[in-house]
Every structure is written in C-alpha cells, then in structure tokens.
Amino acid sequence: MRGKMKNNILVFIMCISVSFFIASSCWGDSYDFRKIKWGMSVEEVIATEPTQPVAKDKNSISYKTIVLNRNVSLIYRFINDKLIGATYQLDDIYIKTKSYIEAYDEFNNALSKKYGKPTNEGTIWLDNTYKNNPEKLYFALSAGHLQYFSYWLTSNSKIKTTLYGDFHNIILKIDYISVIYEDIKKNKEEIIRDPF
C-alpha cells in the first residue's frame, strides 16, 4: 500500500514537471515581437526591456539597441495604453548608398529565416528619371525616387521592411504591426481626420 502511494505521488510529480516544462518551452514562442505581446501596457513593455527608454510619452517608448551588429532605434507605439506596433530604424550612417542596400538585404535575410519567404517584395519607382540608368540606382534611392520593400504576415503581425530616401537621408526601417490592434489605429486616424 505504502509503495503504491509513493509511486502515485512520484507519477503525479513527474506529470506536473512535464506539464510545466511543456508550458515554459511553448511560452517563448508566444511572443509577438522581442519579449512582448500586442496589447501590453506601456509599463509592461518597459518591464521586458533590459535598459531604460531614451524617450517616453503616452503614445510611444524609444530605446537604442543593436540588431545584427547595427545600431538601431527601437520605437514601441501605443494607443489607449495598448501596444499596437514597433519599429526598428537604422541609426548607422554610411557614406555609400550601397551599404544601406546591404543592410536592407541582411535584415531581410534574417527575417526570411524566421518567418519564411516574404509575402510580397519589390521596388517602387516614385520618379522614373533614373529608372533605366543602373549607374544612377544609388542616387535614385537617396533622392527619394526609389523605394525597396518586403512584407511578411504571421497570425498576429504584419512585418514590413522599407528602404527609401528622404531629402538625401536614407531611411531603413522594420515595422511590426499588430493585426488585432491595427483597427484601433485606423479608427483613431479616421476620428482625427473627420472631426464631425
């Protein structure tokens, strides 16, 4: 009787341990971005980051961090104290435009390893002046004539990398947007545009 009870207790402890192990190993896969979930509050997001924010207001928190050995700004965006999106924006400044394209390709390769092939990718020519002149490709990018983009879609997030020029400043960013909370952002933008 005593031996049977010990076996039952041992089996019970093993079941609890296995359940805990399975739950904890799955927990890491349930994050939407870094170690956060969409809908978290400002304070909950701050608690997940290892450093203090460099800027904070009611709609955003900003950090400086490193991604793939490149300096980036990390910006979390909130509406009604609910996390709806995040952005990495490259802070490094390069002399050659080609270096930005290489960084864009590096980020895209890492995202493709994690999320699979992009659902859409390509270039958009906003001004065709240099479109048929491959020697002017880098100038076209820095002048804002050309944009690169890639999109991924997961069950909870839209991920978009963009590379574009803005008055000869080249901007490379990765946007993560909550699929669930995206409607909140759209509704708020519509209210702001239509005051009646």
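The values are calculated or read from the model by the stated rules, or taken from the named source; none is laboratory data. Every value quoted in this text rests on a predicted model; they were computed, and no experiment measured them. Quick reminder, even Gly has a Cβ in these numbers, built from the backbone with ideal geometry, and neighbours come from all protein chains shown.
So, in the stretch 163-176, of the ones that are part of a strand (DSSP E or B) and more than 12 Å from the chain's Cα centre (by Cα), which residue ends up surrounded by the most Cβ atoms within 10 Å (Cβ to Cβ)?
Leu163
Which residues, counting only those in the stretch 85-96, are within 11 Å of the chain's Cα centre (by Cα) and β-branched (Val, Ile, Thr)?
Thr87
Can you say whether Ala47 is assigned to a helix (DSSP H, G or I) and in the same structural domain as Ser142 (by TED's automatic domain parsing), as far as the supplied structure shows?
Criteria met by Ala47.
One line per residue, one yes/no per condition, for (1) within 30 Å of Tyr138 (Cα to Cα); (2) small (Gly, Ala, Ser); (3) at pLDDT 95 or above; (4) touching a Phe, Trp or Tyr at 6+ places or on another chain (Cβ under 8 Å):
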residue	(1), (2), (3), (4)
Phe12	no, no, no, no
Gly28	no, yes, no, no
Pro50	no, no, no, no
Lys58	no, no, no, yes
Asn71	yes, no, yes, no
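Please pick out the residue among Thr123, Thr129 that is among the hydroxyl-bearing types (Ser, Thr, Tyr), part of a strand (DSSP E or B) and surrounded by fewer than 18 Cβ atoms within 10 Å (Cβ to Cβ).
Thr123
Matching residues to (1) assigned by TED's automatic domain parsing to the domain that holds Asn71; (2) of a type outside the set (Lys, Arg); (3) touching a strand residue (DSSP E or B) at 6+ places or on another chain (Cβ under 6 Å):
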{"position": "Ile95", "(1), (2), (3)": "yes, yes, no"}
{"position": "Glu106", "(1), (2), (3)": "yes, yes, no"}
{"position": "Asn109", "(1), (2), (3)": "yes, yes, no"}
{"position": "Lys113", "(1), (2), (3)": "yes, no, no"}
{"position": "Tyr138", "(1), (2), (3)": "yes, yes, no"}
{"position": "Thr154", "(1), (2), (3)": "yes, yes, no"}
{"position": "Lys160", "(1), (2), (3)": "yes, no, yes"}
{"position": "Gly165", "(1), (2), (3)": "yes, yes, no"}
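Considering only the stretch 132-156, state which residues are surrounded by fewer than 21 Cβ atoms within 10 Å (Cβ to Cβ) and in a strand (DSSP E or B).
Listed by number, the residues that qualify are Gln147, Tyr148, Phe149, Tyr151, Leu153.
Within the stretch 71-80, can you find the residues that are assigned to a strand (DSSP E or B) and exposed (fewer than 15 other Cβ atoms within 10 Å of the Cβ)?
Asn71
Being within 17 Å of Ile174 (Cβ to Cβ) and not charged (D, E, K, R): is that true of Leu83 here?
Taking the combined requirement at face value, the residue satisfies it.
Here are some conditions: (1) in contact with a His (Cβ under 8 Å, 6 or more places away or on another chain); (2) among the β-branched types (Val, Ile, Thr); (3) under 30 Å from Val42 (Cα atoms). Val72 meets all but one. Which one does it not meet?
The single condition Val72 does not satisfy is (1).
Restricting to the stretch 95-116, and then to whatever is closer than 10 Å to Ile170 by Cβ and among the aliphatic types (A, V, I, L, M), can you tell me which residue is surrounded by the fewest Cβ atoms within 10 Å (Cβ to Cβ)?
Ile101
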